[in-house]
Every structure is written in structure tokens, then in C-alpha cells.
Amino acid sequence: MDPELEFELGVPLPGSVLPQDRWTRTALEGPRRPFDWDRVFGRSGPRVVELGCGTGRYLVGSSVARPGHDHLGIDVVERLVREASGRGDRRGLANLRLVTGDAVTWLFEWLTEDSVDEIHVYHPQPYYNPAEKGLRILTPEFLDRMWKVLRRDGLFVLQTDHPPYWRYLLQAASKYFEPEVDSGPWPDAPEGRTRREIISRRKGMPIRRMAARRRPTPLPMEIPRIDFDTRRPR
Ligand SMILES: C[S@@+](CC[C@H](N)C(=O)[O-])C[C@H]1O[C@@H](n2cnc3c(N)ncnc32)[C@H](O)[C@@H]1O
């Protein structure tokens, strides 16, 4: 029998649906502060975190493609996390956990220093309404904390389709990371690594991304507060 595929926006999701007796439980429950990777996954592999993981498309794909890596996805919207964990469960993934929560709380309180190998952030919300700008997660303090939580040689992957936000983030992240910048499709997911990327590509929006290695020491520079043109790009 052909493996059962699932689709999102008409694009196949990575991996295939297994018979129900092989499903797993990827929703994270129970006490978790500080987050104990080895206990949760029952082993000690390289650790990948996605903040604002939405429907989990990237993390599901990475968990399928990299079974030796352990993955943790965090999003504040419970409905999205349920959708993401359903996808992980049906693929029988044991190297993925998904949790409803605030990325800022997780980064500052639940993820310990020097404990993570990769942090991914795809399409953080720019928040167009100036009254909501305090909700933007990628503040100078957040970047500083990411630098601490990442291990030596850790990787920060960031992508956005909002040009003013991109210009700010590139400048700000350079204090802590050495950005390699790209704008083409991902070789592993040409139609988009995430739901938002698929939509943005179809609309022809300018997608920018960086894969940035952690610097051994932050550069001696001040990062300006987030203050970019918040208008929605046309
Ligand atoms: C524009 S969507 C992008 C979702 C996904 N990364 C993608 O590319 O399809 C931004 C996501 O960030 C989540 N988010 C916003 N603020 C957050 C926070 N403080 N903590 C966790 N997730 C947050 C939203 O719920 C939403 O799923």
C-alpha cells in the first residue's frame, strides 16, 4: 500500500502517516522547568528549538530528516500546536516535542544556558499595530539570551518577508552571530519550509534569511531598540 501523504496549502508535508499502532505523543505535558532534554527524549542528541513554530511544518520535516536530532517547538497559539503535534504523532516521531507557551518565558526561564545547538525563527510577527510592538519577541535582550542558551558554534536561523524588520534584525543579530545571508528557496523545501513561507513565496514577497553561527564573544556594539517602519508591505 502507498504511504499516506498529508498536504498543507497543496504542498505535501514531509514524512508519511504511519498505521495508528505506531503513532507517538509529541505534545509536551507535565513539569518542565528547567527543560530536561535528556529525560524527555531518553537520550542525548543535538538539540533544535523553533520559536513560534506555527503548524510545525519545519520541525516535522527536520525531525523526519534528522532522526538523531531532538526537536522542541514552542508557539503561543494552542490550536496551532495541536495541529503540529497531530502531524508529529501520525508520523511516529519520537524526536519531537511541541508545547503551547510563550517563547520569551521559555528562552529566559526554561531553557538553560549552553544547552541548545540550533534555534530557528521563521517569520516572527512584525506586529503592524504600534500598540502591539511590545509583543515583538526579537528584542536586544532576547538576542543576548539566545546567545547564552546556544552552545559554542550553535546556529541561529532566522527568516522574514518584512524588509524593514529584516534590516533591523540583520544589524542586531550581527552582534552575537555571524550571519550568512540568502534569499533563494531552501534546497530541502523549495516551496517553503513553513506555512508562512509558502504563502509569502506565492505572493512574491521578498524573503530574506540568515543562517548565523554564534560568535565566541559578542561584538562590542550597542543594539538599537526595535524601531522600524511598521507599515504592512504591499
Ligand atoms: C507569522 S507566524 C509564523 C509561523 C511559522 N513560523 C511559519 O513560518 O509559518 C508567527 C508565529 O509566532 C507565534 N508567536 C507570536 N508571538 C509568540 C510568542 N511570544 N511565543 C511563541 N509564539 C509566538 C504566533 O502564534 C505564530 O504562530
inquiry  = Given the criterion more than 25 Å from D188 (Cβ to Cβ) and either crowded, with 23+ Cβ neighbours inside 10 Å or touching a residue at least 12 places away in the same chain (Cβ under 8 Å) (or both), identify the matching residue among V104, V17, V81, V48.
reply    = V104
key: Residues (surrounded by fewer than 14 Cβ atoms within 10 Å (Cβ to Cβ) and either within 20 Å of G56 (Cα to Cα) or hydrophobic (A, V, I, L, M, F, W, C) (or both)) located in segment 182-220   = P187, D188, P190, R202, L219
Single residue of segment 167-191 satisfying the filter (charged (D, E, K, R) and in a strand (DSSP E or B)) that is nearest to M205 (Cα to Cα) = D182
ask   = Of the residues that make up segment 29-41, is at least one within 16 Å of the ligand (Cβ to nearest atom), buried (at least 16 other Cβ atoms within 10 Å of the Cβ) and not in a loop (DSSP other than H, G, I, E, B)?
value = no
query = Within segment 42-54, can you find the residues that are within 16 Å of the ligand (Cβ to nearest atom) and either over 14 Å from D117 (Cβ atoms) or small (G, A, S) (or both)?
reply = L51, G52, C53, G54
message = Checking the conditions here, which among R167, R196 is more than 16 Å from the ligand (Cβ to nearest atom) and at negative phi?
response = R167
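Read the figures in this text as sums done on the coordinates, not as results from a lab. Because the structure is a prediction, the values reported are computed rather than measured. Glycine gets a Cβ as well: all are built from the backbone with ideal geometry, and neighbour counts include every protein chain shown.
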